[in-house]
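The values are calculated or read from the model by the stated rules, or taken from the named source; none is laboratory data. For clarity, every value in this text was computed on a predicted model and none was experimentally measured. With ideal geometry, Cβ positions are generated from the backbone for all residues, glycine too; neighbour counts draw on all protein chains shown. Ligands, DNA and RNA are stripped out before the accessible areas are found, and what is left, the full protein with its side chains, is counted by its heavy atoms. Shrake-Rupley method; radii C 1.70, N 1.55, O 1.52, S 1.80 Å.
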Amino acid sequence: MQFSKFESSLYFQLAKIMESECSLRASEYETGIRAGYFVVGSDDDPINLVFSFPLKNDDCYFTFTDGDVSEITKEIASIQEFNETNAHLCDGHTVPTKNKYFNDSGWVSHLITIPAIAYEDLPNTLEIDGRTIRLHLVIPLSANEYNVKLKNGYDELLDYFEENQRDIVCFNYA
């Protein structure tokens, strides 16, 4: 797959922040949305950073995961597509998922939040080719976590994560 200058720059900046020298792998979906991933962390505990490539807007959605990257890349692309075509998703929003892979693993929704929740060195924005790209961390939510968010709000959900030492990387957590 050929990458545009913008896509390559986005990958290189993310990889530099994460101190990863691993190759970018990506997929393009029917709607033209692309999403990619690369390995971060150590060889004995590989974790993937899966992220979307913005088209018209300046939002990039990403997650850290040890799950099936082909399935998670599709889901991150669908979140990007929703943002591009339906509604702007930003900090504190939740978006339900009907993805079978996610649902079969106990996830019913996603929380959109700030990058520092996962990795404090990740900024909220990146300057790439004259564009200010907003980074948004995507965390899958179980039904219980989703209900905490709906009933008690965003801050209470973050407190719930902290109290329960929620692992946001482990896919089979729910």
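Among the residues of the stretch 59-72, the ones that are of a type outside the set (Asp, Glu), closer than 15 Å to Lys100 by Cβ and either open to solvent by less than 10 Å² (accessible area, probe 1.4 Å) or free of Cβ contacts under 8 Å to residues at least 60 places away in the same chain (or both) come to 2 in all. Annotation note: Cβ proximity below 7 Å between a residue of the stretch 21-48 that is touching a residue at least 60 places away in the same chain (Cβ under 8 Å) and a residue that is open to solvent by 50 Å² or more (accessible area, probe 1.4 Å) (sequence gap 6+ or interchain) occurs for Ile47/Gly41; Ile47/Asp66. Kindly establish whether Ser42 is closer than 21 Å to Tyr119 by Cβ, of a type in the set (Ser, Thr, Tyr) and modelled with pLDDT under 95. It is true that Ser42 is closer than 21 Å to Tyr119 by Cβ, of a type in the set (Ser, Thr, Tyr) and modelled with pLDDT under 95. Looking across the stretch 49-58, just one residue is in contact (Cβ under 8 Å) with a residue 40 or more places away in the chain and open to solvent by 20 Å² or more (accessible area, probe 1.4 Å), and that is Asp58. Determine whether the stretch 8-21 contains at least one residue that is acidic (Asp, Glu), in a helix (DSSP H, G or I) and either under 18 Å from the mean Cα position of the chain (by Cα) or more than 22 Å from Glu84 (Cα to Cα) (or both). Checked against the condition, which is being acidic (Asp, Glu), in a helix (DSSP H, G or I) and either under 18 Å from the mean Cα position of the chain (by Cα) or more than 22 Å from Glu84 (Cα to Cα) (or both), the stretch 8-21 yields no hits at all. Restricted to the stretch 9-41, and to residues there that are within 19 Å of Asn57 (Cβ to Cβ) and hydroxyl-bearing (Ser, Thr, Tyr), the residue that is most open to solvent (accessible area, probe 1.4 Å) is Thr31.
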